[in-house]
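Student: Sharing a structure, written as structure tokens. Questions coming.
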Amino acid sequence: MSADPAAQAFRRHDHSGCASDVLAMAEERARTDGLRLTPVRRRVLEILLEGHRAMGAYDVLDRLAEDGFGNQPPVVYRALEFLVAHGLAHRIRRLNAFAACMHPGGDHAPVFLICDGCGAVAEMAGGPVRAALQAEADARGFTIERVSMEATGTCPACAGGAA
């Protein structure tokens, strides 16, 4: 994988390579943490890894149904809930959608860059942003319970640059 996966999301690249790398990391995390990556959970993760995009639950459900996993909403919601709970996927609140975690296996505070033009989503490390936010909250005596950092804008391809 590229040294900067967030930048890679907005460039043309062999996506099968980064998707297979992330899937291997997710499988290793599941093994290490004793998680059960059932066929449905694994397929949902594979679907999310097909592109640097967030997908709505019903879009994922349609793909599951095509693959013979049924078309009942609880099936996809349980799988997505599991993946998010164990750091293998993220919920992108602004889009009411889900994206595969590009860094499974460790706690991190990602920032999502969302292109308004093409819908590409890049996950980047948000540690410094989170630290600055925490410092400001601490200075005011505020206890942060949850942070969702999402920035919208235009990717290089949509802005007319080379992708």
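Student: Mind listing whichever residues of region 40-59 are under 18 Å from Met102 (Cα atoms) and of a type in the set (Val, Ile, Thr)?
Tutor: Kept after step one, since they are under 18 Å from Met102 (Cα atoms), are these residues of region 40-59: 41-56.
Scanning region 40-59 gives Val44, Ile47.
Student: From the list Leu83, Leu113, Leu61, exactly one residue is under 21 Å from Ser20 (Cα atoms), surrounded by 16 or more Cβ atoms within 10 Å (Cβ to Cβ) and among the aliphatic types (A, V, I, L, M). Which is it? Reasoning before the result, please.
Tutor: Details: Leu113 fails: under 21 Å from Ser20 (Cα atoms); Leu61 fails: under 21 Å from Ser20 (Cα atoms).
Unique residue meeting the criteria: Leu83.
Student: What are the residue pairs meeting all of these: first residue in region 28-50, first residue without any contact (Cβ under 8 Å) to a residue 60 or more places away in the chain, second residue aromatic (Phe, Trp, Tyr) and assigned to a loop (DSSP other than H, G, I, E, B), Cβ atoms under 8 Å, and 6 or more apart or on different chains?
Tutor: Close Cβ pairs (under 8 Å, with a partner that is aromatic (Phe, Trp, Tyr) and assigned to a loop (DSSP other than H, G, I, E, B)) amount to Pro39/Phe69; Val40/Phe69; Arg43/Phe69.
Student: If you don't mind, another one. Would you point out the residue of region 87-126, among those that are part of a strand (DSSP E or B) and of a type in the set (D, E, K, R), that is farthest from Gly56 (Cα to Cα)? Spell out how you get there, then give the answer.
Tutor: Narrowing region 87-126 to residues part of a strand (DSSP E or B): 89-92, 97-100, 110-115, 120-125.
Narrowing further to those that are of a type in the set (D, E, K, R): 91, 123.
Details: Arg91: 10, Glu123: 17 Å.
Residue satisfying both the conditions and the ranking: Glu123.
Student: If you don't mind, there's one more thing I want to ask. Might you let me know whether region 111-130 holds any residue that is in contact with a Gly (Cβ under 8 Å, 6 or more places away or on another chain), without any contact (Cβ under 8 Å) to a residue 60 or more places away in the chain and among the acidic types (Asp, Glu)?
Tutor: Looking for residues that are in contact with a Gly (Cβ under 8 Å, 6 or more places away or on another chain), without any contact (Cβ under 8 Å) to a residue 60 or more places away in the chain and among the acidic types (Asp, Glu), one finds at least one in region 111-130, hence yes.
Student: Let me ask something else. Having 1 or more residues that are farther than 23 Å from Ala120 by Cα and modelled with pLDDT of 90 or more is the bar; report the helices (runs of 4 or more DSSP H) wholly within region 1-82 that clear it. I'd like the intermediate steps shown before the answer.
Tutor: On the way: elements: 5-9, 15-33, 39-48, 57-66.
Correct list: 15-33, 39-48, 57-66.
The values are calculated or read from the model by the stated rules, or taken from the named source; none is laboratory data. Computed from a predicted model, the values in this text were never measured in an experiment. Methodologically, a virtual Cβ is constructed for each residue, glycine included, from the backbone with ideal geometry; neighbour enumeration extends over all protein chains shown.
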